[in-house]
Amino acid sequence: MVKNRRTKTVVRRKFTYNSIEEFKNLLSKEVWNDVYNCLDVNSSLEAFLGTFLHSFNIAFPYKVVNLRERLNKRWLYKGLIPSSKRMKTLNNLKRTFTLTREDLIYIENYQRIYKKVLREAKKRENDSYVIESTDRMKTMWRLINREIGKAPKNEEKLEMRIGNKLISNPTEITDKLNIHFVSTVEELVKQKSNGSVYNLKIKQCRNSIFIYPVTEEVTSLTKSLTGKPTAGDDDIPENLVKQCLQQIKGLLAHIYNLSLNSDVFPDIWKTAKMKPIYTKGDKYDMKNYRHISVIMVFAKLFERLMYNRIIFFFNENKILSK
């Protein structure tokens, strides 16, 4: 195959089958008395994350990884290069000279076979690309976007316009975007308080919601996770939690119940990673970006737990209109 790949060096964690099994084994050997003996949710969560992340860093240390970056025409094998050159030559002959019927038929047949071979080569390479990927859905969309011309430019420089000045320092851009997103939320809250509220018909309800304790519900909560390597500020990916849930489900239930009983949402879960998403218009204008919040996976499970209880109560008492 033609060498049409570039190599770049990154530092990241590697989540292999063996390392995940090692991690699960480490968790099963841990003693979690500090977690269960705490009656304060922040202290209990801190003890849990301290032990969990200790095993996490042992099983998945940061390593320097050389990534082979796939370029265009990655499917072009050595055997196809002579055929490609011959196809170009035949097309030039067809445009330049008046050929006989036999020659035209030959070129047409050669072109048909050539296109068929190209399609098969592309298909094999794309199949291999998806199978080798850790996030197949994301990889498939990357291939689709590349085919329709929406693939991102790998070497695109990060720049943002502040006033009449164009800045490229990542730290400065991050600070400016953070200020912009915070002010946007504050403006939306201000508009809502001034009467710009959705016109919802809310039925009065005299019943009280009962937040029942968490037990085996933790297992079903993981079904809401996408299974992607998405990670919050603690660097713990969703797909890893789904695989090690049996080792920690009792601990999570204990922490969630502490939070419910004390009416306290843990401080560490109030932090999220903010990711700017370009919408449309001028790419240098921060107003053309919206943000998504990537929260920690254990906080995401707890939010789903509360969502299930509130929605069940609303539906049971027919509080919200359709």
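Below is a table of values for the structure above.
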read-out: So Arg309, is it more than 22 Å from Gly232 (Cβ to Cβ), in contact (Cβ under 8 Å) with a residue 12 or more places away in the chain and surrounded by 12 or more Cβ atoms within 10 Å (Cβ to Cβ); value: yes
read-out: Filter result (closer than 21 Å to Val182 by Cβ and either surrounded by 15 or more Cβ atoms within 10 Å (Cβ to Cβ) or not charged (D, E, K, R) (or both)) within the range 282-302; value: Tyr284, Met286, Asn288, Tyr289, His291, Ile292, Ser293, Val294, Ile295, Met296, Ala299
read-out: His254, sole failed condition from (1) modelled with pLDDT of 90 or more; (2) not in a helix (DSSP H, G or I); value: (2)
read-out: Flag for Leu104 being in a helix (DSSP H, G or I) and more than 22 Å from the chain's Cα centre (by Cα); value: yes
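Yes/no per residue for (1) modelled with pLDDT under 85; (2) surrounded by 12 or more Cβ atoms within 10 Å (Cβ to Cβ); (3) under 25 Å from Ala299 (Cβ atoms); (4) in the same structural domain as Gln246 (by TED's automatic domain parsing):
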| position | (1), (2), (3), (4) |
| --- | --- |
| Thr9 | yes, no, no, yes |
| Arg13 | no, yes, yes, yes |
| Asn18 | no, no, no, yes |
| Glu22 | no, yes, no, yes |
| Lys29 | no, no, no, yes |
| Cys38 | no, yes, yes, yes |
| Ser43 | no, yes, yes, yes |
| Ala47 | no, yes, yes, yes |
| Leu53 | no, yes, yes, yes |
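The values are calculated or read from the model by the stated rules, or taken from the named source; none is laboratory data. Keep in mind it's a predicted model, so treat the numbers as computed, not measured. When we count neighbours, we look across all protein chains shown, and the Cβ atoms used for this are built from the backbone with ideal geometry, even at glycine.
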